[in-house]
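Undergrad: Quick one: the structure is below, and I'll ask about it shortly.
The values are calculated or read from the model by the stated rules, or taken from the named source; none is laboratory data. Not measured: the values here are computed from a predicted model. We place every Cβ from the backbone using ideal geometry, glycine too, and count neighbours over all the protein chains shown. These accessible areas exclude ligands, DNA and RNA; they are computed on the full protein's heavy atoms, side chains included. Shrake-Rupley method; radii C 1.70, N 1.55, O 1.52, S 1.80 Å.
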Amino acid sequence: MTRLLIKNGTVCNDDSMFKSDVLVEDGKIVNIAQSIDPPSSDVEIVDATGRLVIPGGIDPHTHMQLPFMGEIAKDDFHRGTEAAVAGGTTMIIDFVIPNKGESLLVAYDRWRNWADPKVVCDYGLSMAITSWSPEIAHEMELVTGEQYGINSFKFFLAYAGVFMVRDEEFYQGMLQCAKLRALARVHAENGAVIKERADDLLQQGVTGPEGHTQSRPEELEAEATFRACTMAAQANCPLYVVHVMSKGAAAAISHHRQQGAIVFGEPIAAGLATDGSHYYHEDWLHAARYVMSPPLSRDPSTPNALMKLLAAGELHLTATDNCTFDCKQKALGKDDFTKIPNGVNGVEDRMSVVWDRGVHQGLIDPMKFVSVTSTMAAKIFNCYPQKGRIAIGSDADIVIWNPNATRIISKDTHHHAVDFNIFEGMEVYGVPEITISRGRIVWADGKLQTEAGSGRFIKLPPDSQIVFSSVDRKKEANKPIKVERGEGKSSEPATSKLITTASSDSNHNFVKKQPPGGASSITF
């Protein structure tokens, strides 16, 4: 039995901070108290004086060893999770992405076979829906069961002809998600328009990485985000918008939340620390390294704005979309920007980037940091408080965090299997000095202490309460209105018919009931 005793630290959860010792036995937190004496001589003591003791980070959006655009992402499940724990992340949620028409069950087995022998920390899976049929709907029901442990489904409104689904398929998918109490996730861009713009730019001789951002202007992300939120409301389905990259997309989320919609917004490390000016760099390879979709914002004020929206609760948690391709792979698009493999790093640097741009800049406090890097993901994906909290009975996924130390991010010291880093040269405050996965130290003194296959697959059950607790009430409140028009009934003025479908407020004043799906003004 492995035993650790963390002494003299400050425990920091999403809702409280307090001085305390933490005792870990056999992968679980078994005691939290102001002072704990070692229960036996075989306990390893970890001195956390002057440090925060925080829940391990949860990155809810990664693509390890993803086959994409004719290549395979360089970070596999071994190197990718090693990079994660080196940065203070102790759980990832990766995406199973079936080929068009492929069985979800076949794709699921493929991802499990890739991941299980390699992961050095715990992981969960989310399932992409790349085509639609009654068989896919049935398989969605199967994979949300106990045997498979999937509780979210991702829909692409981009990558026409590859992953993209049509609006009616997306809507049908969300109806099924709502039925299964599974979270719908969306990559929101207007894929059809992007394809037309890309073709036009290539015909005009724009072939470099600058064409990538020009073919995918921010307005198309904002439009698709608003459209996705609108359709989700019609389906009475909670929605999670992945990689929110622009102010317009964030504003669309905010607008729908103000109308009562259940929408979660996820900015990523890349969008919180870099901007789209890189696409116009005179060095082609430098520019190509930053190619991802949606692209980085052309507005240099966007990273700080997204962080402020996290602080305000308008956006809710952070991820990375970690999907790495090396310089040789990026160069495959030398003469055609549409052939540059899309993806960047982030899983190792997310925690430090968020601390530096959030806590160190005075925009968020340490408790909010824990929320947006760990706890909110655990709640949304229904593994809280097993994950995302320092509490008795929780998994001992713990990070000893030095809030005052700095480090310089570099490809020469990172643990990714890729030969560049989009945060190259950045000095960031906030350093994970020790990472503990299930009670076992996997990162300390700047060195990995990992074992391939030591991580576990975490089954994620449906019906997360933070996601679905108000859905049934919404359905009842928005029941269709049926007007009875039997033969022989006398005609009534339109105004009196409205009163028959009205309700009264606390002062007994009649209030007209808005038909479900009624239009609302756009004010953002």
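Undergrad: Which pairs do you get when a residue that is buried (at least 16 other Cβ atoms within 10 Å of the Cβ) and among the small types (Gly, Ala, Ser), found in the stretch 460-478, comes within reach of a residue that is part of a loop (DSSP other than H, G, I, E, B) and modelled with pLDDT of 95 or more, reach meaning Cβ atoms under 6 angstrom, with the pair 6+ apart or on two chains?
TA: Ser464/Asn382
Undergrad: If you take the residues in the stretch 127-154 that are of a type outside the set (D, E, K, R) and touching a residue at least 60 places away in the same chain (Cβ under 8 Å), which one is most open to solvent (accessible area, probe 1.4 Å)?
TA: Kept after step one, since they are of a type outside the set (D, E, K, R), are these residues of the stretch 127-154: 127-134, 136-138, 140, 142-145, 147-153.
When the remaining residues are screened for being touching a residue at least 60 places away in the same chain (Cβ under 8 Å), the result is 144, 148-152.
Numbers: Thr144: 18, Tyr148: 35, Gly149: 4, Ile150: 0, Asn151: 8, Ser152: 1 Å².
Among them, the one singled out is Tyr148.
Undergrad: Scan the stretch 308-334 for residues that are hydrophobic (A, V, I, L, M, F, W, C) and over 15 Å from the mean Cα position of the chain (by Cα) and jot them down.
TA: Narrowing the stretch 308-334 to residues hydrophobic (A, V, I, L, M, F, W, C): 309-312, 315, 317, 319, 323, 325, 327, 331-332.
The answer is Leu309, Ala311, Ala312, Phe325, Cys327, Ala331, Leu332.
Undergrad: Output the qualifying pairs, or none if there are none: Cβ atoms under 7 angstrom, residues six or more apart or on different chains, first residue in the stretch 227-242 and closer than 11 Å to Gly173 by Cβ, second residue among the aromatic types (Phe, Trp, Tyr) and surrounded by fewer than 24 Cβ atoms within 10 Å (Cβ to Cβ).
TA: Pairs found: Met231/Phe170; Met231/Tyr171; Ala235/Tyr171.
Undergrad: Sort out which residues of the stretch 264-300 are free of Cβ contacts under 8 Å to residues at least 24 places away in the same chain and buried (at least 24 other Cβ atoms within 10 Å of the Cβ), and write them in order of number.
TA: Residues satisfying the conditions do not exist here.
Undergrad: Could you look through the stretch 173-215, keep only residues that are among the basic types (Lys, Arg) and under 25 Å from the mean Cα position of the chain (by Cα), and pick out the one that is farthest from Lys475 (Cα to Cα)?
TA: Applying the first criterion (among the basic types (Lys, Arg)) to the stretch 173-215 yields 179, 181, 185, 195, 197.
Pick out the ones that are also under 25 Å from the mean Cα position of the chain (by Cα) and you get 179, 181, 185.
Working: Lys179: 12, Arg181: 13, Arg185: 20 Å.
This residue is Arg185.
Undergrad: Does the stretch 445-453 contain any residue that is among the aliphatic types (A, V, I, L, M) and open to solvent by less than 20 Å² (accessible area, probe 1.4 Å)?
TA: Of the residues in the stretch 445-453, the ones among the aliphatic types (A, V, I, L, M) are 448, 452.
Then drop every residue that is not open to solvent by less than 20 Å² (accessible area, probe 1.4 Å), which leaves none.
Looking through the stretch 445-453, none of the residues is among the aliphatic types (A, V, I, L, M) and open to solvent by less than 20 Å² (accessible area, probe 1.4 Å).
Undergrad: Quick one: what pairs do we get from the stretch 331-345, first residue more than 12 Å from Arg289 (Cβ to Cβ) and free of Cβ contacts under 8 Å to residues at least 60 places away in the same chain, second of a type outside the set (Ser, Thr, Tyr) and surrounded by fewer than 24 Cβ atoms within 10 Å (Cβ to Cβ), C-beta under 8 Å, 6+ apart or different chains?
TA: Sorted first by the residue in the stretch 331-345, then by its partner, the pairs are Lys334/Trp284.
Undergrad: Is it the case that Thr49 is surrounded by 23 or more Cβ atoms within 10 Å (Cβ to Cβ), β-branched (Val, Ile, Thr) and not in a strand (DSSP E or B)? Let's see the steps before the verdict.
TA: Working: surrounded by 23 or more Cβ atoms within 10 Å (Cβ to Cβ): no; β-branched (Val, Ile, Thr): yes; not in a strand (DSSP E or B): yes.
Judged against the criteria, Thr49 is not a match.
Undergrad: Now for a different question. Going through Val165, Val143, Val186, Val193 one at a time, which residue ends up being of a type in the set (Val, Ile, Thr) and more than 18 Å from Phe95 (Cβ to Cβ)?
TA: Just one listed residue meets the conditions, Val193.
Undergrad: Okay, next question. Just one of Ala198, Ala233 is more than 21 Å from Gly343 (Cα to Cα), crowded, with 19+ Cβ neighbours inside 10 Å and small (Gly, Ala, Ser); which is it? Working first, answer last.
TA: Numbers: Ala198 fails: more than 21 Å from Gly343 (Cα to Cα).
Of the residues listed, the single one that is more than 21 Å from Gly343 (Cα to Cα), crowded, with 19+ Cβ neighbours inside 10 Å and small (Gly, Ala, Ser) is Ala233.
Undergrad: Let me ask you something else. Do any strands (runs of 3 or more DSSP E) lying entirely in the stretch 358-453 carry at least 2 residues that are modelled with pLDDT of 95 or more and under 30 Å from Ala287 (Cα atoms), and which ones are they? Reasoning before the result, please.
TA: Working: elements: 398-408, 427-437, 440-444.
The qualifying strands (runs of 3 or more DSSP E) are 398-408, 427-437.
Quick grid of which residues meet (1) open to solvent by less than 10 Å² (accessible area, probe 1.4 Å); (2) within 15 Å of the chain's Cα centre (by Cα):
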| residue | (1), (2) |
| --- | --- |
| Phe337 | yes, no |
| Asn342 | no, no |
| Gly358 | yes, no |
| Gln361 | no, no |
| Ser371 | no, yes |
| Met376 | no, yes |
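Undergrad: Among the residues of the stretch 68-84, how many are over 19 Å from Ile434 (Cα atoms), open to solvent by 60 Å² or more (accessible area, probe 1.4 Å) and not aliphatic (A, V, I, L, M)?
TA: Adding up the residues that qualify gives 2.
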